[in-house]
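*Asks:* I have a structure I would like to understand better, so I am pasting it below and will then ask my questions one at a time.
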Amino acid sequence: MMPPDAIILPQPRVQKLNLRFNALPLQADVLRLDELHPVISGNKWFKLEPYLKQAVQQNKKGIITWGGAWSNHIVATAAACKAANLQSVGIIRGDATAQWSATLKQAAEYGMQLHFSSRSLFKESALPDELRQLQNEYLLVPQGGYGELGAAGASTMLAGIKDTYSHIVCSVGTGTMLAGICRATPEETEVLGISSQKGNYSLEKAIASLLPSGRHYRYKVLHHLHHGSYARYTPELLQFMNDWFMATGIPTDFVYTAKVFYAYVHLSAENYFGAHHRILLVHSGGLQGNRGLPSGSLIYST
Ligand SMILES: *Cc1c(COP(=O)(O)O)cnc(C)c1O
């Protein structure tokens, strides 16, 4: 079996921003994880790598995991498993719709077997009956790669970063990436997570449980910059995505990263970061999800 080391991604680029946006002077670095791979995008590769290694070490046939119809995690798992010569099974939230999303079609093209699961079963991360017999031969990876291995993998995202920052700003879905960043970041840096979901107050606990004890971590999750909750958006957010692309050349996705850059501008306007800041913004990828938007919404294609 080909080891997952066979998948080699380049070192991510750090892009320097120095511009005026809405008359606001902005200066920050952007970690461009979106540029690493067209499908195994952004943070997903980092979170998946330890799971792939474990699946190979334990002689598993493949990976079973969970996600929604437009999930970056689902399509990244499908592509990474194919590259590592592992089978993949995706349990998808909701009923099998007549029309599969572009994400699900692509995952199936990478050989992922798709099973649809009722919302209640999905919530419990239960295996549908027809998959029970696979549970020993396959490694079960929680939705979004949440867990100790996912956080350990995410902590390697910052391996090439030499600078010290006062703030690192990233998106939060399950909180796995934020936990990984905290683990790789000195105590004096504040890690600021922008929750893509409305009112998900279980995040703080979910994140804390991925942080080894023995040191202090400085992080905060902001819950008010979700633009309508997970996978929702406002006309204002779409306008921002186009304006931001025009000003910086950085394409964003509406589910996660647009909310991060929007939050950064918004917080800068409120002088949140203070006078002597050095900020790293994490572009965690996810551009494929923009295929779920009405066509013509964006001035760039992703
Ligand atoms: C999955 C994803 C996230 C959320 O990462 P978590 O580790 O679940 O918090 C953020 N940004 C993008 C682009 C993603 O695809």
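The values are calculated or read from the model by the stated rules, or taken from the named source; none is laboratory data. In this text, all values refer to a predicted model and were calculated from it rather than measured experimentally. Positions of Cβ are generated from backbone atoms using ideal geometry, with glycine treated the same way; all protein chains shown enter the neighbour counts. In case anyone asks, the SASA skips ligands and DNA or RNA and just uses the protein heavy atoms, side chains included. Shrake-Rupley method; radii C 1.70, N 1.55, O 1.52, S 1.80 Å.
*Asks:* Within the stretch 125-160, work out how many residues are over 18 Å from Ser71 (Cβ atoms), more than 17 Å from the chain's Cα centre (by Cα) and open to solvent by 40 Å² or more (accessible area, probe 1.4 Å).
*Replies:* The number of residues fulfilling the criteria is 9.
*Asks:* Now, a different point. Looking at the stretch 207-259, which of its residues are within 21 Å of Pro186 (Cβ to Cβ), surrounded by fewer than 16 Cβ atoms within 10 Å (Cβ to Cβ) and in contact with a strand residue (DSSP E or B) (Cβ under 7 Å, 6 or more places away or on another chain)?
*Replies:* Going through the stretch 207-259, the residues within 21 Å of Pro186 (Cβ to Cβ) turn out to be 207-208, 210-221.
Add one more test, that the residue is surrounded by fewer than 16 Cβ atoms within 10 Å (Cβ to Cβ), and what stays is 208, 212-216, 218, 220.
Matches in the stretch 207-259: Arg218, Lys220.
*Asks:* Search the stretch 278-291 for residues being more than 13 Å from the ligand (Cβ to nearest atom) and out of contact with any strand residue (DSSP E or B) (no Cβ under 6 Å at 6 or more places or on another chain), and hand back the single one that is farthest from Lys44 (Cα to Cα). Full working, then the answer.
*Replies:* Here is the first cut: in the stretch 278-291, the ones more than 13 Å from the ligand (Cβ to nearest atom) are 278-280, 291.
Now narrow it down to the ones that are out of contact with any strand residue (DSSP E or B) (no Cβ under 6 Å at 6 or more places or on another chain): 278, 291.
Values: Arg278: 26, Arg291: 18 Å.
Checking each candidate, the answer is Arg278.
*Asks:* Take Glu188 and decide whether it is within 25 Å of Ser155 (Cβ to Cβ), within 14 Å of the ligand (Cβ to nearest atom), open to solvent by 50 Å² or more (accessible area, probe 1.4 Å) and not small (Gly, Ala, Ser).
*Replies:* no
*Asks:* Further, regarding this structure: Evaluate the stretch 206-219: report whether one residue or more is under 16 Å from Gly144 (Cα atoms), in a helix (DSSP H, G or I), modelled with pLDDT of 95 or more and not polar (S, T, N, Q).
*Replies:* Within the stretch 206-219 (the criterion being under 16 Å from Gly144 (Cα atoms), in a helix (DSSP H, G or I), modelled with pLDDT of 95 or more and not polar (S, T, N, Q)), the answer is yes, since at least one residue qualifies.
*Asks:* On to the next question. Give Asn72, Asn85 a once-over and let me know the one that is of a type in the set (S, T, N, Q) and either within 16 Å of the ligand (Cβ to nearest atom) or free of Cβ contacts under 8 Å to residues at least 40 places away in the same chain (or both).
*Replies:* Details: Asn85 fails: either within 16 Å of the ligand (Cβ to nearest atom) or free of Cβ contacts under 8 Å to residues at least 40 places away in the same chain (or both).
Of Asn72, Asn85, the one residue that is of a type in the set (S, T, N, Q) and either within 16 Å of the ligand (Cβ to nearest atom) or free of Cβ contacts under 8 Å to residues at least 40 places away in the same chain (or both) is Asn72.
*Asks:* Scan the stretch 278-288 and tell me whether some residue there is over 23 Å from Ala102 (Cβ atoms), touching a His at 6+ places or on another chain (Cβ under 8 Å), modelled with pLDDT of 95 or more and open to solvent by 40 Å² or more (accessible area, probe 1.4 Å). Even if it seems obvious, please write down each step before you answer.
*Replies:* Initially, the stretch 278-288 is screened for residues over 23 Å from Ala102 (Cβ atoms), giving 278-282.
Still in the running and touching a His at 6+ places or on another chain (Cβ under 8 Å): 278-280.
From what's left, modelled with pLDDT of 95 or more: 278-280.
Still in the list and also open to solvent by 40 Å² or more (accessible area, probe 1.4 Å): 278.
Checked against the condition, which is being over 23 Å from Ala102 (Cβ atoms), touching a His at 6+ places or on another chain (Cβ under 8 Å), modelled with pLDDT of 95 or more and open to solvent by 40 Å² or more (accessible area, probe 1.4 Å), the stretch 278-288 yields at least one hit.
*Asks:* If Ser202 passes every condition in (1) within 15 Å of the ligand (Cβ to nearest atom); (2) open to solvent by 30 Å² or more (accessible area, probe 1.4 Å); (3) closer than 17 Å to Gly286 by Cβ but one, which one does it miss?
*Replies:* (3)
*Asks:* Right, another one. Residues in the stretch 272-286: is at least one touching a residue at least 40 places away in the same chain (Cβ under 8 Å), farther than 21 Å from Asp29 by Cβ and not charged (D, E, K, R)?
*Replies:* Within the stretch 272-286, not a single residue is touching a residue at least 40 places away in the same chain (Cβ under 8 Å), farther than 21 Å from Asp29 by Cβ and not charged (D, E, K, R).
*Asks:* For the stretch 150-181, what are the residues that are within 12 Å of the ligand (Cβ to nearest atom) and part of a helix (DSSP H, G or I)?
*Replies:* If the condition is that a residue be within 12 Å of the ligand (Cβ to nearest atom) and part of a helix (DSSP H, G or I), then Gly150, Ala151, Gly153, Ala154, Ser155, Met157, Thr176, Met177, Leu178, Ala179, Gly180, Ile181 are the ones that fit.
*Asks:* Something else now. Can you tell me which condition Val141 does not meet? The list is (1) under 30 Å from Ser295 (Cα atoms); (2) within 16 Å of the ligand (Cβ to nearest atom); (3) of a type outside the set (Asp, Glu); (4) in contact (Cβ under 8 Å) with a residue 40 or more places away in the chain, and all the others hold.
*Replies:* Result: Val141 passes all but (1).
*Asks:* Sticking with this one: Do we find that Gly175 is over 21 Å from Ser195 (Cα atoms), touching a residue at least 40 places away in the same chain (Cβ under 8 Å), in contact with a strand residue (DSSP E or B) (Cβ under 9 Å, 6 or more places away or on another chain) and open to solvent by less than 60 Å² (accessible area, probe 1.4 Å) in this structure? Steps first, answer last, please.
*Replies:* Working: over 21 Å from Ser195 (Cα atoms): no; touching a residue at least 40 places away in the same chain (Cβ under 8 Å): yes; in contact with a strand residue (DSSP E or B) (Cβ under 9 Å, 6 or more places away or on another chain): yes; open to solvent by less than 60 Å² (accessible area, probe 1.4 Å): yes.
No: the conditions fail for Gly175.
*Asks:* Looking only at residues that are open to solvent by 30 Å² or more (accessible area, probe 1.4 Å) and among the small types (Gly, Ala, Ser) in the stretch 260-277, which one is farthest from the ligand (Cβ to nearest atom)?
*Replies:* Ala275
Residue-wise test of (1) more than 12 Å from the ligand (Cβ to nearest atom); (2) β-branched (Val, Ile, Thr); (3) more than 30 Å from Met246 (Cα to Cα); (4) without any contact (Cβ under 8 Å) to a residue 24 or more places away in the chain.
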residue: Ile8; (1), (2), (3), (4): yes, yes, yes, yes
residue: Arg13; (1), (2), (3), (4): yes, no, no, yes
residue: His37; (1), (2), (3), (4): yes, no, no, no
residue: Ala78; (1), (2), (3), (4): yes, no, yes, no
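*Asks:* Pick from the stretch 7-30 the residues that are within 22 Å of the chain's Cα centre (by Cα) and surrounded by fewer than 17 Cβ atoms within 10 Å (Cβ to Cβ): which of them is modelled with the lowest pLDDT?
*Replies:* In this case the residue turns out to be Ile8.
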